[in-house]
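The structure appears right after this line, and notes come after that.
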Amino acid sequence: MRKFMRFPPRTLRFRLLLILAGALMLLAAFAPRANAALIRFYDFEGTDTPPYPVGLQSNVPAVEIGAATTLFLDNGTPGVPFSVASTSQEAGLPLNVPVGAGPNLTSLGIHRSGQNPLGIEIPMPSSQGIYDVTSVSFAVAANGNGYQFVQLQMSTNGGLTFNVNLSGLVAIPNGPGSIISFVVPAGTTLNINNLALRLDFTLGQSNGADLQNQIDNIQINGTIVPEPATVAAGLLGVLGLCWHQRRRLIRSVRLRRT
């Protein structure tokens, strides 16, 4: 007797399509993404970071928050602390505040700017160099006798030296509040394991104890590329799921034919 070719039932074909669609969705989930994000946000709120009178950790709504994101204040020499006596806790500046941020109550006050420069170091280490920073911005107030210029710098050795200038000197406007922004070309900071950024404030005008500058709401924007190990693990999981379902479907077709 002549045998006719049998095809799997329509429900089985539909199941195959569902499994294929699910596999593609999982692949998309595990693939490296380049979605713009607020990576760090320093608003000087929260618990004070000793010995300074403000909090130096990144806060919501940044992707990375908490103690591991704490910045460092130097006196012009990387790793050498800025004078605690030259800092104060001041009212927050209502500028450069992202959606979803907490109450904007506190800013970093600077006194005696003429005694030394101020460096705000932002360590961003990762074993795979996952940070692609595209912009850095902050709010600043100046009373006319504080710092005159600020520059964005980069370190490739974790802050031992800041050997790359990502910008020229930018003049700090006098007044109750301004936003200064730096654009970083895409890919500049990617694949640097010991990345650190630094806002370098120079040419302070006064050694007095009066309030000379306020700094607030530092934003580090860009993308975080998933580490290769994470992507590989996800892809292996997808392949394993597809192989497992393939074997089940083959057995199901054989049983239906008998």
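The values are calculated or read from the model by the stated rules, or taken from the named source; none is laboratory data. Please read all numbers here as calculations on a predicted model, not as lab measurements. Quick reminder, even Gly has a Cβ in these numbers, built from the backbone with ideal geometry, and neighbours come from all protein chains shown. For the accessible areas, the whole protein counts, side chains as well, though only heavy atoms, and no ligand, DNA or RNA atoms are used. Shrake-Rupley method; radii C 1.70, N 1.55, O 1.52, S 1.80 Å.
Details
- On the stretch given as segment 33-79, residues that are among the basic types (K, R) and open to solvent by 70 Å² or more (accessible area, probe 1.4 Å) total 1.
- For segment 106-126, residues that are part of a loop (DSSP other than H, G, I, E, B) and among the charged types (D, E, K, R) total 1.
- Summed over segment 143-158, residues that are surrounded by fewer than 22 Cβ atoms within 10 Å (Cβ to Cβ) and in contact with a Pro (Cβ under 8 Å, 6 or more places away or on another chain) total 1.
- Note on segment 160-175: residues that are open to solvent by less than 30 Å² (accessible area, probe 1.4 Å) and among the polar types (S, T, N, Q) amount to 1.
- Of the criteria (1) closer than 15 Å to Y52 by Cβ; (2) in contact (Cβ under 8 Å) with a residue 40 or more places away in the chain; (3) out of contact with any Lys or Arg (no Cβ under 7 Å at 6 or more places or on another chain), which one E121 fails: (3)
- Residue among P61, P103, P51 that alone is over 20 Å from Q153 (Cα atoms), in contact with a strand residue (DSSP E or B) (Cβ under 7 Å, 6 or more places away or on another chain) and not in a strand (DSSP E or B): P61
- Of the residues making up segment 80-91, those that are assigned to a loop (DSSP other than H, G, I, E, B) and open to solvent by 20 Å² or more (accessible area, probe 1.4 Å) are V80, S83.
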